[in-house]
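A short reminder: the numbers here are calculations on the coordinates, not readings from a lab. Computed from a predicted structure; not experimentally measured. Note: ideal-geometry Cβ built from the backbone for every residue, glycine included; neighbour counts use all protein chains shown.
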Amino acid sequence: MKKKKIFGIPKNVFLLGIVSFLNDMSSEMITSITPSYLIEVLNVDKLLSGTIMGAIESLSSLFKVIFGYISDKIRNRKVFVSFGYFLSTISKGALAFTHSWLDFLFLRVLDRLGKGIRTAPRDALIAESTKKTGKSFGFHRMMDTLGAVVGPILSIIILELLSNYSANFSYRMIFLLSFIPGILSVLLIIFFIKDTDKNLKKIIMGKSSLNSESLKLFLFVVAVASLGRYSYAFTIWKVYDVGYTVIQGLYFYIIFNIFYAITSYPIGTFSDKFDKRMFITLGFGIAALASLIFAFADSLWMLLLGFIFYSVYLAIEETIPRAYLAEIAEGFEKGTVIGAYHTVFGVFVFPASVIAGWLWQSYSLEYSFLYATVMNSLAMFLMILEWVLKWKS
């Protein structure tokens, strides 16, 4: 039976895009103010701030391979997707009642656990619902990032409306209001998203792609690149370092997400026509360039250039690797393979932010970004080397 489409997008993919739009709207209402909340309200120092952001970025990924594997075994993606989004929604609203960095970290880790539970099964569900993986993952990333545009705008509006109140009160109101789009996304999953055809249960177990040398090498490169993947918070702290205010920092973040959103879908669609590894290699190079610009940024135009390049890098690296792995993974292990990718990323992105935070506190933000430049350049070189060796053989 022909799968139903909405605006040329498979129905499941389209609806999951709406879910991600609502959830990321909720998330980005919070993440856009987190850097200033940690320093201004909770009085956390630079090293600890970097460590907390690294933990938040990393811990969700540690669970992704586990729940990707379980969803492969029981062939039910929806239960993990819905529960993961629900857990994240509850934890975000509860941030309004935090009073120390410890309870803040606990709730953010709970949110990331929700992400860890849902991400690999959701990505596998997208992959199983489409034949054009690049286009579908690009659409999903675009919708996710459009939510990341709306979220900070809502935060700005709330901060302006509550300008006569303390920052402490304003931030807590944002945390509470973030619950609304989050719970709408959960209801959409429960009532409208469908698992893929139950015939998937009949997929015959075959040779695992996890044992292939090319996948192992790719995951090694991912590990190297992840060591240079600093939290988005460092770009916001750079904006403050140059001399801009919290609200002005939110405007930079909105510009970043606009470019992220408008480039994700065309990049994903275009990648279906070429070798996806070429795009991944280019992404590492763009990441190195963005980090180099951030290192020496001391003006409006340099900050804007840094955010634009960083947005294009994320549009590539948050879209193409998933599509690439969905193509090379066997049908019975898509959740496991995609989860393995996320887990490798999570293991190594945590020390990346700790190192960046230490360099910031011990020297300056310039050194944090220069370190990221080196690691992303190394990842790009390794991808090129893999291409050369494969060509010679």
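In nm, what is the difference between 0.36 nm times the number of residues separating residue 176 and residue 301 and their Cα-Cα distance? If you can, show how the numbers build up before the last one.
On the way: separation 125, 0.36 × 125 = 45.00 nm, distance 3.49 nm.
Using 0.36 nm per residue and subtracting the Cα-Cα distance, I get 41.5 nm.
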#### Entry: Amide proton proximity set for residue 45, modelled H, under 5 Å, gap of 5+
none
### Query
In sequence order, what are the phi-derived ³J(HN,Hα) couplings for the range 345-350 according to the Karplus relation 6.51 cos²θ - 1.76 cosθ + 1.60 with θ = phi - 60°, rounded to whole Hz, with x for glycine and proline?
4, x, 4, 9, 6, 5
### Query
What does the charge add up to near residue 97, with Lys and Arg as +1, Asp and Glu as -1, over the other residues with Cβ less than 15 Å from its Cβ?
+1
### Message
Based on alpha-carbon centroids, what's the gap between the range 78-126 and the range 336-357 in Å, whole number please?
### Response
17
### Query
When only DSSP loop residues count, what trypsin sites (Lys or Arg not before Pro) in the range 271-321 have their Cβ near at most 16 other Cβ atoms within 10 Å?
273
### Message
From the phi angles alone, apply the Karplus equation (6.51, -1.76, 1.60; θ = phi - 60°) to the range 273-288 and give each ³J(HN,Hα) in whole Hz, x where the residue is Gly or Pro.
### Response
9, 9, 5, 5, 5, 5, 5, 4, 4, 4, x, 5, x, 5, 4, 5
### Query
Taking 0.36 nm per residue of separation and subtracting the Cα-Cα distance, what length does fully extending residue 106 through residue 47 add?
19.4 nm
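Taking a ≥ b ≥ c as the square roots of the eigenvalues of the Cα gyration tensor of the range 1-43, is the shape rounded (a/c under 1.5), prolate (a/b larger than b/c) or oblate?
Values: a/c = 7.63, a/b = 6.01, b/c = 1.27.
Verdict is prolate for the range 1-43.
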### Message
If each residue of separation counts as 0.36 nm, what is the full-extension length gain between residue 165 and residue 274 once their alpha-carbon separation is subtracted?
### Response
33.9 nm
### Task
Restrict the search to the range 237-281; then list the chymotrypsin sites (Phe, Trp or Tyr not before Pro) that DSSP places in a loop and that have at most 15 other Cβ atoms within 10 Å of their Cβ.
274
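Taking loop as defined by DSSP and a crowding limit of 15 other beta carbons within 10 Å, which chymotrypsin sites (Phe, Trp or Tyr not before Pro) in the range 97-205 fit?
Values: sites: 97, 101, 104, 106, 137, 139, 165, 169, 171, 175, 179, 191, 192; in loops: 165.
Those satisfying the criteria are 165.
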### Query
Under the Karplus relation 6.51 cos²θ - 1.76 cosθ + 1.60, θ = phi - 60°, what is the ordered set of whole-Hz ³J(HN,Hα) values for the range 245-257, x standing for Gly and Pro?
7, 4, 5, 5, x, 5, 5, 4, 5, 5, 4, 4, 6
### Query
On the first, second and third principal axes, largest extent first, how far apart are the outermost C-alpha atoms of the range 283-330 in Å?
48, 13, 8
### Query
residue 6's amide H: which non-local residues (gap 5+, or another chain) put their own amide H closer than 5 Å, with H modeled 1.01 Å from N in plane and none for Pro or chain starts?
11
### Whether the range 79-166 is rounded, prolate or oblate, judged on the alpha carbon gyration tensor where a/c under 1.5 counts as rounded
oblate
